[in-house]
Amino acid sequence: MTRFSSFAIALVLGLLPSLLRAETSMIKETPFGTTADGIAVKVYEVSNPSGMKIRLLTRGATLIGVDVPDRDGKLADVVFGFDNIASYESDSNQYFGCTTGRCANRIAKGKFSLDGKDYQLACNDGPNALHGGVKRSLDKVVWDAMPFEEGASRGVKFQYSSPDGEEGYPGKLDMAVTFTLTDANEVKIDYSATTDKATPVNLTNHAYFNLGGAGSPTINDHVLMLNADGYTPVDDTLIPTGEIAKVEGTPLDFRRSTRIGDRVDELTDTAALGYDHNFVLNQAKPGEMTKAAELYDPASGRLLTVSTTEPGIQFYGGNFLKGQQGKGGKTYAHRSGCCLETQHFPNSINTPAFPTVVLKPGETYSHTCIYGFSVK
Ligand code: GLA
């Protein structure tokens with residue numbers, strides 16, 4: 001054997017394990033452009049053996065694609081998103097698929113007090129603070145990503161350490177958000193956080209779903225079940241009054257599966273402009289994994305089941321969508337997508353009667369949400 005051929009054989013043998021890994025890997029990493037601040041962004045595509053795929057972006061630890069089969073096995077991408085980073089950074093992006101926080105949802109007048117100190121956050125939703133702030137909320141920062149493949153579970157773990165005082169919140173908050181795609185066509189999202197000062201934490205994911213495929217004209221024909229006897233009524237700026245009211249006899253009663261469009265117009269002339277409400281889940285005990293919602297599209301047969309450890313879920317029916325252009329030139333019309341955001345109740349930091357959102361040093365915040373896909 002010549003020296004060259006033995007070198008070539010050694011090279012091939014040396015590369016073989018990584019070539020095999022590359023072929024069998026269920027995770028693909030691709031560049032996704034650069035933020036306006038010059039930070040490189042990556043997208044991870046994660047597949048499972050039955051062909052379901054999800055795509056995850058390092059900016060905002062964002063779920064930007066979910067390809068799932070309909071009842072004939074035909075795949076469609078059922079979540080909203082954009083094809084480029086400039087659109088994610090533009091006004092067209094209404095929190096599409098992002099990790100939302102440090103405090104998802106509203107804080108009245110952006111004010112709260114903790115350990116005898118008053119805090120003022122930026123008010124970006126009329127008089128209130130919404131979804132963690134303006135420049136450095138969790139949807140806008142670029143997270144570190146660690147893809148993993150362990151047996152039947154594969155996904156990406158995102159990490160971000162928010163410095164003390166970022167967006168006005170106290171404490172250095174170290175967070176991890178792990179997306180796992182299971183063999184059972186579930187997207188499992190595990191959140192955890194620790195802090196060095198008492199601070200409010202309420203993380204969620206803000207994916208917009210249309211089970212007919214993102215860009216389909218409406219969600220009014222989807223059928224929804226919410227496992228909630230109660231909801232948190234709000235004032236005219238969407239801040240809860242503190243009361244927990246019964247859904248019974250209102251257009252918010254989804255305890256039996258009901259077409260979304262059947263009663264939405266009864267809410268059009270309210271402050272919420274349609275569905276944009278926090279539901280109090282029927283949970284056997286706090287923190288116990290509970291089925292929260294089922295969203296079904298009779299046309300495609302796709303069924304989304306949402307389970308969570310959180311006490312509440314915000315059902316937002318896409319009332320602010322304005323016909324912006326999304327992935328593949330699709331249009332996202334008014335009420336053509338809906339969010340099912342598992343979370344603590346809005347303005348909990350100022351409402352002692354609600355389950356607390358205060359995380360203290362030495363404690364670990366944890367929250368699991370499972371978006372499971374099937375057909376019927
Ligand atoms: C939410 C809020 C809505 C709206 C959307 C983003 O879930 O409850 O009122 O602000 O986010 O457009």
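The values are calculated or read from the model by the stated rules, or taken from the named source; none is laboratory data. All values derive from a computational prediction rather than experimental measurement. So basically every Cβ, Gly included, is an ideal-geometry build from the backbone, and we count neighbours across all protein chains shown. Accessible surface areas use protein heavy atoms only, side chains included; no ligands, DNA or RNA. Shrake-Rupley method; radii C 1.70, N 1.55, O 1.52, S 1.80 Å.
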Exercise for the section: Could you run through region 321-340 and say how many residues are of a type in the set (G, A, S) and buried (at least 16 other Cβ atoms within 10 Å of the Cβ)? Expected result: 4
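Listed here are the residues, each with its yes/no results for (1) in contact (Cβ under 8 Å) with a residue 60 or more places away in the chain; (2) in contact with a strand residue (DSSP E or B) (Cβ under 7 Å, 6 or more places away or on another chain); (3) acidic (D, E); (4) open to solvent by less than 10 Å² (accessible area, probe 1.4 Å).
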position	(1), (2), (3), (4)
Y169	yes, yes, no, yes
T180	no, yes, no, no
D190	yes, yes, yes, no
T195	yes, yes, no, no
L203	yes, yes, no, yes
L211	yes, yes, no, yes
D229	no, yes, yes, no
E243	no, no, yes, no
Completion exercise
Of those in region 76-94 that are assigned to a loop (DSSP other than H, G, I, E, B) and farther than 23 Å from P31 by Cβ, the residue least open to solvent (accessible area, probe 1.4 Å) is V78
Fill in the blank from the handout: Checked A284, A271, A293 against criteria (among the small types (G, A, S) and open to solvent by less than 20 Å² (accessible area, probe 1.4 Å)); the one match is A293
Exercise for the section: Could you tell me whether A108 is buried (at least 23 other Cβ atoms within 10 Å of the Cβ), closer than 30 Å to I239 by Cα, of a type outside the set (D, E, K, R) and within 16 Å of the ligand (Cβ to nearest atom)? Expected result: no
Practice task
Sort out which residues of region 161-209 are outside any strand (DSSP E or B) and among the acidic types (D, E), and write them in order of number.
Solution key: D164, E166, E167, D183, D196
Completion exercise
Scanning region 128-151 for residues that are open to solvent by less than 60 Å² (accessible area, probe 1.4 Å), of a type outside the set (D, E, K, R) and part of a loop (DSSP other than H, G, I, E, B) gives H131, G132, G133, S137, L138, V141, W143
Completion exercise
Expected single match for at positive phi, modelled with pLDDT of 95 or more and surrounded by 23 or more Cβ atoms within 10 Å (Cβ to Cβ) among G73, G97, G38 is G97
